[in-house]
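Following: one structure in structure tokens, then a few remarks.
The values are calculated or read from the model by the stated rules, or taken from the named source; none is laboratory data. Fair warning: this is a prediction, and the values are worked out from it, not measured in the lab. Cβ atoms come from the backbone with ideal geometry, glycine included; neighbour counts cover every protein chain shown. We work out accessible area using only protein heavy atoms, side chains counted, and drop any ligands, DNA or RNA first. Shrake-Rupley method; radii C 1.70, N 1.55, O 1.52, S 1.80 Å.
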Amino acid sequence: MDSDERFEDPIASALLSDSHYEQLRIRRFSLFKQSLPRKLAWQSLILAALTMVLPLAMTLPASTRALFPDGDPLWAAPKILLLGAYAGAIETVAALGLVYVGYRRLTRGGALSEREARQLLNIEDVASMISLVTGLFAVVAVNGFFLLGHGGKPAMSMFLAAGGNNPFAGTPIPVPVFGVAVTAGVLSILVFAASRVFDRLLPV
């Protein structure tokens, strides 16, 4: 194998390829230049992080458990879990968007027109932004409140005294910790599987 083959420039290869998608992807500005399979893998990790709310809830001290409806962290529907459900929905919709882009690339291949390629890249950019920025911050916030709960009565008293509302108060919307965590775990596995499939089938 000669040096040209070992050190092939991926940017030059994309610019010289027959794929409108690859040419536009290299030329256009984007905060997330990573490959589609890698973006899906990151979404899988974010969903996996959301599942951590289950062990965090299970190990809360008694003083924090008392802040949940009926004192049951696993099956209550606390306000903060609305944000968790929102994060899971964001990641799911974004993953479906990326899967659609990957499917179109596989089925159309080099036949994608420049207009179609630009539309797919727009979808990919929006899906990446809402999942890797908005969704990530939502998951961090949810886990952060449950970590705060592990500080027990002193930490929660300081938070409430500072003007914060009880994040573990009940809501009529059925989003229990157990349901959100299990759903996020299943989705994480499915999204990771999709990332591996596209990693094998899509051109580099």
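Per the conditions (1) part of a helix (DSSP H, G or I); (2) open to solvent by 10 Å² or more (accessible area, probe 1.4 Å); (3) more than 25 Å from Arg196 (Cβ to Cβ); (4) not hydroxyl-bearing (Ser, Thr, Tyr), the sole criterion not satisfied by Trp75 is (1).
What do you reckon, is Leu31 at pLDDT 80 or above, part of a loop (DSSP other than H, G, I, E, B) and either of a type outside the set (Val, Ile, Thr) or open to solvent by less than 50 Å² (accessible area, probe 1.4 Å) (or both)? So Leu31 fits the description; yes.
Hey, could you check the stretch 161-200 for residues that are surrounded by 20 or more Cβ atoms within 10 Å (Cβ to Cβ) and of a type in the set (S, T, N, Q) and say which is farthest from Tyr103 (Cα to Cα)? Top of the filtered list is Ser188.
Is it the case that Gly135 is under 12 Å from the mean Cα position of the chain (by Cα), modelled with pLDDT of 95 or more and either open to solvent by less than 30 Å² (accessible area, probe 1.4 Å) or of a type outside the set (D, E, K, R) (or both)?
Considered against the rule, which asks whether it is under 12 Å from the mean Cα position of the chain (by Cα), modelled with pLDDT of 95 or more and either open to solvent by less than 30 Å² (accessible area, probe 1.4 Å) or of a type outside the set (D, E, K, R) (or both), Gly135 comes out as yes.
Taken over the stretch 57-72, the criterion of being open to solvent by 30 Å² or more (accessible area, probe 1.4 Å) and touching a residue at least 60 places away in the same chain (Cβ under 8 Å) is satisfied by Thr59, Pro61, Ser63, Leu67, Pro69.
Go over the candidates Ala41, Ala95, Ala89, Ala48 one by one and state the one that is closer than 29 Å to Asp199 by Cβ, modelled with pLDDT of 95 or more and loosely packed, with under 15 Cβ neighbours inside 10 Å.
Ala89
Looking only at residues of the stretch 98-122 that are among the hydroxyl-bearing types (Ser, Thr, Tyr) and under 25 Å from the mean Cα position of the chain (by Cα), we find that the one that is surrounded by the most Cβ atoms within 10 Å (Cβ to Cβ) is Tyr100.
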